[in-house]
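Visitor: There's a structure below that I have some questions on.
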Amino acid sequence: MGIERRKYIRFDSTISGEFHVLGSDVSGMLVTDNFSKDGFKASSNQNIPIGSRLECEMVFPETIMPFFTTGRVVWVKDTPQSAAAKFDIGVQLEEMDTVERQFLIDYCYKTWNNSKRHNPSSDISAV
């Protein structure tokens, strides 16, 4: 097992959105798997090079309120052939409005807390 480098708790949270690679014409859809205070894991059909800066627009499932963020791709992994998307990507958040970031953390915590009530054995991953 590799060395754990995560600093923050990671909350499972599915949020859909769109991204644009800054400085290029590459764009597409993504779906997050989890979030932490400083980043997220998402799935996409685009192979985005490590180091790319993304501009993302995502929408919370229960609202129509979008939030915007920029981040840097820090890792990319091929997914199994049976997966819905071709790639998993790790994005380190760089810029995000403070109020939107707090709303995101509150949303992720609420989602996790609701899942704990329905499945007491569920746990959060250390980030």
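The values are calculated or read from the model by the stated rules, or taken from the named source; none is laboratory data. Note that the coordinates shown come from a computational prediction; the quantities given were computed from them, not determined experimentally. Positions of Cβ are generated from backbone atoms using ideal geometry, with glycine treated the same way; all protein chains shown enter the neighbour counts.
Visitor: Do you know which of the residues in the stretch 1-13 that are surrounded by 13 or more Cβ atoms within 10 Å (Cβ to Cβ) and of a type outside the set (A, V, I, L, M) is modelled with the lowest pLDDT?
Guide: Quick first cut of the stretch 1-13, residues surrounded by 13 or more Cβ atoms within 10 Å (Cβ to Cβ) only: 8-13.
After this cut, where a residue has to be of a type outside the set (A, V, I, L, M) as well, the list is 8, 10-13.
On the way: 8: 72, 10: 78, 11: 76, 12: 81, 13: 81.
Restricting to residues being surrounded by 13 or more Cβ atoms within 10 Å (Cβ to Cβ) and of a type outside the set (A, V, I, L, M), the top hit is 8.
Visitor: Could you please give the count of residues in the stretch 27-56 that are among the acidic types (Asp, Glu) and more than 11 Å from the chain's Cα centre (by Cα)?
Guide: Going through the stretch 27-56 one residue at a time, the tally reaches 1.
Visitor: Of all residues in the stretch 14-49, which are of a type in the set (S, T, N, Q) and closer than 15 Å to residue 90 by Cβ?
Guide: Listed by number, the residues that qualify are 32, 34, 36, 43, 44, 46, 47.
Visitor: How about the stretch 57-89: which of its residues are more than 13 Å from the chain's Cα centre (by Cα), within 20 Å of residue 47 (Cβ to Cβ) and without any contact (Cβ under 8 Å) to a residue 24 or more places away in the chain?
Guide: Residues satisfying the conditions are 77, 78, 80, 81, 82.
Visitor: Report, by residue number, each residue of the stretch 50-73 that is at pLDDT 90 or above and loosely packed, with under 12 Cβ neighbours inside 10 Å. Step through it out loud before you land on a result.
Guide: Taking the stretch 50-73 as the starting set, the residues that turn out to be at pLDDT 90 or above are 50-58, 68-73.
Result: 50, 51.
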